[in-house]
Amino acid sequence: MPPAPPPTAAQTLAPLFFLLFFFVGPVICWRPWPNSQLNSTDFLFGGSKKFEGSSEFVQLRYHMGPVLTANITVYPIWYGAWQSSQKRIIRDFIGSISAADSKPPSVAGWWKTVQQYTDQTGANISRNVHVGEEKNDRFYSHGKSLTRLSVQSVIKSAVTASTRPLPINPKSGVYLLLTSDDVYVQDFCNNVCGFHYFTFPSIVGYTLPYAWVGNSAKLCPGVCAYPFAVPSYIPNLTAVKSPNGDVGVDAMISVIAHEIAELATNPLVNAWYAGQDPVFPVEIADLCEGIYGTGGGGSYTGQMMNDRDGATYNMNGIRRRFLVQWVWNHLLNYCSGPNALDQ
């Protein structure tokens with residue numbers, strides 16, 4: 001990966017990105033958002049199912065910024081009350097990204113689409129992604145209601161802790177803040193289920209790529225845990241069974257995948273995205289939100305699979321199965337996944 005900008009450059013750009021951070025609207029893809037103006041028919045039948053979201057109007061471009069080409073280390077920050085079983089599901093997913101010997105269709109096969117993206121030297125996204133040191137914040141050090149700025153403060157606490165602080169790794173680190181099901185984060189359930197950005201040196205002391213993903217099991221399962229839960233106000237939608245028996249965490253897996261894929265290809269919001277303006281970036285997972293298999297589009301998830309117990313999944317990991325949304329393949333110009341029926 002190209003060297004990260006020196007602190008002076010990051011500090012110079014910080015006021016601009018501070019404004020972008022708070023005033024950029026989310027990319028609206030299909031989810032059953034409670035404030036949507038669409039009627040139920042629009043939800044059920046809107047959007048083309050043809051070619052899994054392919055479009056001649058999608059102009060995904062490289063804007064010359066760095067991408068994560070060195071071995072990627074994910075540093076989980078467990079904020080709030082987490083069960084050991086929930087942590088294992090998430091660790092197993094992250095570990096599956098580099099598990100090339102998993103049974104196809106696999107999470108590693110999904111990551112191959114992300115690996116196709118390169119930096120300005122032609123170096124590809126790293127194929128190696130692993131779990132690094134972890135930090136527990138079980139006493140809710142910043143409360144149970146977080147703003148986007150306080151999310152960065154939680155990360156600061158993790159990297160500056162007096163005991164076992166997380167390593168500072170701006171070149172290949174991904175700091176993954178995971179909030180338990182009793183924690184609310186700004187815009188959660190109304191506009192977002194997770195987001196990624198980079199920390200401000202003025203708050204954290206470093207420019208570190210990070211993501212936040214929340215557990216929606218209690219707050220809004222019909223929105224952020226879809227399709228494992230569906231909202232009552234949309235008729236004729238039936239929830240599917242989650243593959244690991246935990247609706248909130250199984251739903252988080254796809255959001256975690258979404259954010260890690262975008263952090264790898266656009267860590268400083270100046271690399272791979274569609275559109276001319278970084279204020280409104282549409283990234284490789286945004287383009288495919290809600291698409292899990294062949295034929296996906298609109299409110300239709302696409303062709304998925306079911307195990308013997310009736311649980312729904314589309315990818316195999318090292319020890320588990322997962323349901324993970326597809327990502328945009330810029331070489332083929334459509335959404336792609338390892339479970340595509342034409343592969």
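All of the numbers you see were taken from the coordinates with simple rules; none came from a lab. Note that the structure is predicted; figures quoted are calculated from it, not measured. Every residue, glycine among them, receives a Cβ derived from its backbone with ideal geometry; neighbour counts consider all protein chains shown.
Things worth noting here:
- Pairs of Lys residues in the range 46-336 are counted when their Cα atoms are under 15 angstrom apart and they lie 8 or more places apart or on different chains; the count is 4.
- Here the range 46-336 is treated with +1 on each Lys and Arg Cβ and -1 on each Asp and Glu Cβ, and its dipole about the Cα centre works out to around 560 debye.
- For the range 46-336, the relative contact order comes to 27 percent (Cα pairs under 8 Å, sequence separation of at least 6).
- For residue 280 and residue 88, the FRET efficiency from 1/(1 + (r/R0)^6), where r spans their Cβ atoms and R0 equals 45 Å, is about 0.75.
- Tensor-based shape of the range 64-130 (alpha-carbon gyration tensor, a/c under 1.5 rounded, otherwise prolate or oblate): oblate
- A simple count of charges around residue 225, restricted to other residues whose Cβ falls under 11 Å of its Cβ and scoring Lys, Arg +1 and Asp, Glu -1, yields -1.
- The base-10 log of I(q)/I(0) for the range 46-336, evaluated at q = 0.07 Å⁻¹, reads -0.24 [Debye formula, identical scatterers on Cα atoms, solvent excluded].
- Neighbourhood net charge (11 Å Cβ-Cβ; Lys/Arg +1, Asp/Glu -1) for residue 66: 0
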